[in-house]
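Each remark here refers to the structure printed beneath this line.
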């Protein structure tokens, strides 16, 4: 399950980057903020996965 979770986190990060870039292009600060929030959330989840890996290994 760890690999699937990592893939989901990466996908969420990429989605956030796309939202942020779209917000930049359109001048939509709300969309930019949403993208940054998605990236932060994905980063936090990824950190949690890394901690799990440390304890498994």
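Just so you know, all these numbers are worked out from the coordinates, no wet-lab data involved. Everything quoted here is computed from the prediction, not taken from an experiment. No Cβ is skipped: glycine too gets one built from the backbone with ideal geometry, and neighbour counts run over all protein chains shown.
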Matching residues, region 1-22, being within 12 Å of residue 39 (Cβ to Cβ) and surrounded by 14 or more Cβ atoms within 10 Å (Cβ to Cβ): 9, 12, 13, 15, 16, 17, 19, 20
Region 7-34, residues that are outside any helix (DSSP H, G or I) and under 8 Å from the mean Cα position of the chain (by Cα): none
